[in-house]
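See below for the structure under consideration.
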Amino acid sequence: MKKVNFKIALMGLLLTISFLLLGTEQANAQTQASLIGANNGSGPSKGIYAVPAGNFVDAVSAQALLQSSMEQLMLQMKALNGTPLFSSLERKYNYYNEISDNLGKGQTVAEAISSGLTGAAFPLPRPSTNFLIQIKQEAVSLLTF
């Protein structure tokens, strides 16, 4: 009888600990999602996916600046092929290419900078939030007056 009671108490304790850990992980995931700008379908997104404010160049000038930067990135990627830095350059190239594509679809420069971050997610695995913030800031600096 004591063994049965002990097993029941032990299972209850393990179940409680499991729920606490899973609940903590879910809360952390929700916090992380709100920090990086997950949009729950209501209101503008916040975090790194927020549309930046500033005085941006026009779309034609932005595409020219992006094309020039992408050419430089391509040269750097050729020189650094096979190194750890190659992946970062490739992500930045993909990001600038996505911004350029979004400008071609009629988005404003600010909107294209924000929505273009999806292009930086490749190649997988997903880059760190700090890296996304850094390349977004570089794009904002590149495309402002």
Rounded to one decimal in nm, the spacing of the 7 Å Cα→Cβ label points at Phe86 and Ser68 is 2.9 nm
Starting with the highest mean, order 91-102, 119-130, 134-145 by the number of other Cβ atoms within 10 Å, averaged over the residues of each peptide. 91-102, 134-145, 119-130
Here the FRET efficiency for Thr129 versus Thr16, based on Cβ atoms and R0 = 35 Å and rounded to 0.05, is 0.60
Under a 1.4 Å probe, what is the accessible area of the range 63-145 per residue, stated in Å²? 53 Å²
Count the net charge of all other residues whose Cβ sits under 13 Å from the Cβ of Glu90, scoring Lys and Arg as +1 and Asp and Glu as -1. +2
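The values are calculated or read from the model by the stated rules, or taken from the named source; none is laboratory data. The structure presented is a predicted model; accordingly, all values stated were derived computationally and were not measured. Using ideal geometry, Cβ is built from the backbone for each residue, glycine included, and neighbour counts are taken over all protein chains shown. Only protein heavy atoms, including side chains, enter the accessible area calculation; ligands, DNA and RNA are left aside. Shrake-Rupley method; radii C 1.70, N 1.55, O 1.52, S 1.80 Å.
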